[in-house]
Structure formats: C-alpha cells, structure tokens
Amino acid sequence: MADRVTVIGWDGSPLTAAARGALGAATLVAGAAHHLDLPEVPQAAERIRLGSVALAARRITGHRGTAVVLADGDPGFFGVVRTLRAPEFGLEVEVVPAVSSVAAAFARAGMPWDDAEVVVAHRRTLRRAVNVCRAHTKVAVLTSPGAGPAELGLLLEGVHRTFVICEELGTEREQVHVVTSDKAADHAWRDPNVVIVIGGTTQPVPVPEGGGWIAGRDPAAGPRGWVQPDARYGDGAPLGEGETDLLRAAQLARLGPRIGDLVWDIGCGSGAFATEAARAGAAVIAVDRDLAACVRSETAARTFGVQLQIVHGAAPHVLENLPEPDVVRVGGGGVAVVGAVADRRPQRIVTHAATRDAAELIGRDLTEHGYQVECALLQSVELDTRDWTETERNVAFLLSGVLPERAP
C-alpha cells in the first residue's frame, strides 16, 4: 500500500504550497490528461490516466511510495475521495480541496446557490436528474458524456427552463452560455461542463429575511402535514369522491413519492394530490380532460409554491407521449386507464373504486399485468365535536399495485 495518498483538487488557479509539496514528493500521480501535463508533476513519477477511479485505487493500493491523485474542483464533493476511501481499498487520504465546479458555475452566473439542488447526471441517473429539474426552480447538474446539456434539454420537452452552461471551468477554454432548454440540443457542448437549470411556472417559496437555514430545498417551507384540509383546494368547491384528505393520505403513503421520481396524477381534479406529491419533492405531471380542473390544479400549485406540468387531455390516449413514470395515481377512468398505465410498467399504481365489483375488475387487471395487488375498504366519518354528531361519511376501495421486479 502507498505510504501516503494525497488528493489534490484543481480549479485552474495556481496550486497551493501544500499541493506543490505533495506533488514534488510523489512517486505516482493519477489524474486526467490536463492534470498530468501540469509542470509541477515530477518527470520521474509513475503516471496513471484517471479513467476508472476504482482501477486507479487498486494501482495505488499496490504501490510502494507516495501517491497523488489530481481531480477537478473539490474532490470531496461528488468526487474521487469517496471511492478511494471505500472499504475494499482501505486508503487513508489527505485532501487539498479547491473550489467545486458547482460553486464556480454559480459564481460565473452571479447567483447564490445555497437554495439549489445539486445532482449528478450519468447515463444511468440522467432520468432522475431530469425529474429533479422538473420539480425544482434551481438545480445544478454535474454532467458527463452522454448525459449533458443536450440530453437534459431533450428530456425536458414540454417544460420550459433556462440553462446556464459552464464549459471547461478554470481553463483557458472556459465559456459560459445562456440558452433555453429547448435550444440546448441544437449545439455540441464541450466536456466537462456544469449546467445550472433555473425557472418554473409558479412562484418559489420566499426565502426568509436574513437567508435560509438549510442548503437546497427547505423541508419546512409551506404548511405542516403531508395532506392539507380539503378546504385548501378547489376554490371552495366540493372535491371529487377520490380526493378527500384521508384518501389522499393513504394514496401518498402507498406511492411514497420522493425526489427524483416522476409522478403521474391522472384525473387530477382540484390538483390536491398532485400538489402534495410535488411538496414531497417529486416531479409531477397532472392530467385531466376538464380544462377547469387543469386551471384549479395550476392555482393549487401556485398557492403552495410547487412545480406541476399540467396536461389537458383525455386518458388513456393523452398518456402515450408522456415520459415514463415511477409511480402513478389514477383518479378517474376506471379499468381502461389503469390497464393503459400498467402497460407502461411504473413501480407503483394506486387508484380507488366506489364499489366492490369495480374494485375486483381493477384488481384483476393489475394482477394480469404482473402487479402484486392490495385492496382495503376505507371509511371515514367526520363528526361535529360540539355535539359529536356525524356530518359526513366517505367510503372507498383503495387499490394499490406494486411491480415486483421494480420494487426497491
């Protein structure tokens, strides 16, 4: 094992005395091509082109001498330090940090970033990164080849965002571009780059005077509770039979929407469920054939400061061109819509039925699609606590399906 391993972050500025000292003593240096060309790298040192960090870690583990790993930005922030410290390598490292590429990108844009979400986009995580960009008004995306600005723009079709694209930060070839998301696919972008994705259709939750208290999305923003009273939605009009607050709570619990997910809410009605799924951090597409319902949903989203993509159209036909969902709530349309949704293979589906016969039809269809199905009869009774008399009674069959091969 190497006698000493130092990880040096590089942001294009002159190396610190500590970094120069570590490099001067190195017998092995790992880094990208532009790192290995730095004049401070000893001519006699063994050089490793840093492609796979795991392969480099194995080489370092077997090296007798002093090793240095060079990395862009802050190597402890979505960087090489995590891999080098993994138990299978057993490397203890000293870190000389630099300004992270995310901090540099926001500095170039002249924007604060304590309220931003930060995600990494690889080919395997690109879809989840895009869902975060759908759900939040300020996101920094650390891109990679095949998961860059063009791919982000293509997958954000139908959602308008502004991209601040920072190419090759800290080098002589550094450039910053501002484009709309629909134009990002029209250009070939140089790696490495960071994309700041900003904008949205609703007003963001205001930051308190003096600034926030937690980085990223403030979990305390907005009223407390997974679900809000029915009176908060629909402009005072009665909600649909599948929208009562206790049923919504059960649906949310079964679906478990989370950041990085894409939720479909089909038959969104007042927008109550869609808004509450978005408050959980998920990206949400709310669908309804009734234009007035779409307007109510947009109003609910604006009231609670969340992002919804509203689609006006009748299911199942309108679903054909929507991006793949992770979880789906079917608020209307019966077995035909549930079957069309199941064909898209989301991880979880919830819906409700007013009668046992309807519940059996839906449950049978979900089972035939390979879902594990649960059904519960939910009854809620509201009481006037002044005299403890019944004021309202709601009964519904709650159905949920989980796709075993996609279940976490």
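What is the helix-to-structure angle for 334-343, meaning the angle in degrees between its Cα long axis and the longest Cα principal axis of the chain, kept from 0 to 90 and rounded to the nearest 10?
Result, in degrees: 20.
For the peptides 370-379, 28-37, 321-330, what is the packing order when you average, over each peptide's residues, the other Cβ atoms within 10 Å and list the highest mean first?
321-330, 28-37, 370-379
Of Ala286, Ala71, Ala44, which is the most mobile in a GNM of the chain whose springs link Cα atoms less than 10 angstrom apart?
The residue that fluctuates most here is Ala44.
Can you list, largest first and rounded to whole Å, the semi-axes you get for the chain by taking the square root of 5 times each eigenvalue of its Cα gyration tensor?
The equivalent ellipsoid of the chain has semi-axes of 49, 23, 20 Å.
Largest first, how would Trp10, Trp113, Trp213, Trp264 line up by accessible area (1.4 Å probe)?
Order by accessible area, largest first: Trp213, Trp113, Trp10, Trp264.
Given the protein chains as shown and a 1.4 Å probe, how many square angstrom of Thr385 are accessible, to the nearest 10?
That residue has around 90 Å² of solvent-accessible surface.
Counting only C-alpha contacts under 8 Å and six or more residues apart, can you give the relative contact order of region 292-408 as a whole percent?
Over region 292-408, the number comes to 22 percent.
Probe 1.4 Å, all protein chains in place: accessible area of Ile266 in Å², nearest 10?
Counting only protein heavy atoms, the figure is 0 Å².
Given the chain, what percent of its DSSP beta bridges are antiparallel, to the nearest 5?
Expressed as a percentage, antiparallel bridges in the chain total about 50.
Taking all pairs of distinct Cα atoms, average 1/r, flip it, and tell me the Kirkwood hydrodynamic radius of region 188-300 in Å to one decimal place.
About 15.8 Å, per the Kirkwood formula over Cα pairs.
So how much accessible area does Ser13 have, in Å² to the nearest 10, using a 1.4 Å probe?
Its accessible surface works out to 50 Å², give or take rounding.
Within region 218-324, list the trypsin sites (Lys or Arg not before Pro) lying in a DSSP loop whose Cβ has at most 12 other Cβ atoms in a 10 Å radius.
Loop-located and lightly packed - Arg224.
So how tilted is helix 291-304 from the main axis of the chain? Cα-based, degrees 0 to 90, rounded to 10.
Value to nearest ten degrees: 50.
Give the dimensionless ratio obtained when the Cα radius of gyration of region 1-84 is divided by 2.2 N^0.38 Å.
Cα Rg divided by the expected 2.2 N^0.38 Å: 0.96.
Of the residues Asp290, Asp387, Asp357, which exhibits the maximal mean-square fluctuation in a Gaussian network model of the chain defined by a 10 Å Cα contact cut-off?
Asp387
Between the DSSP loop rule and a limit of at most 15 other Cβ atoms within 10 Å, which GluC sites (Glu not before Pro) in region 250-353 are left?
Those that pass, being in a loop and sparsely packed, are Glu320.
Distance between the C-alpha centers of region 1-48 and region 220-255? Whole Å please.
What the calculation gives is 56 Å, centre to centre.
Rounded to the nearest 20 debye, what is the charge dipole size of the chain about its Cα centre when +1 sits on each Lys and Arg Cβ and -1 on each Asp and Glu Cβ?
The dipole magnitude comes to about 1020 debye.
Name the residue, out of Ala278, Ala109, Ala215, whose mean-square fluctuation peaks in a Gaussian network model built on the chain with Cα pairs under 10 Å.
In the Gaussian network model the winner is Ala215.
The values are calculated or read from the model by the stated rules, or taken from the named source; none is laboratory data. What you see is a predicted model; the values in this text were computed from it and never measured. Note that each Cβ is placed from the backbone with ideal geometry, even for glycine, and that neighbours are counted across all protein chains shown. With ligands, DNA and RNA removed, areas are computed over all heavy atoms of the protein, side chains included. Shrake-Rupley method; radii C 1.70, N 1.55, O 1.52, S 1.80 Å.
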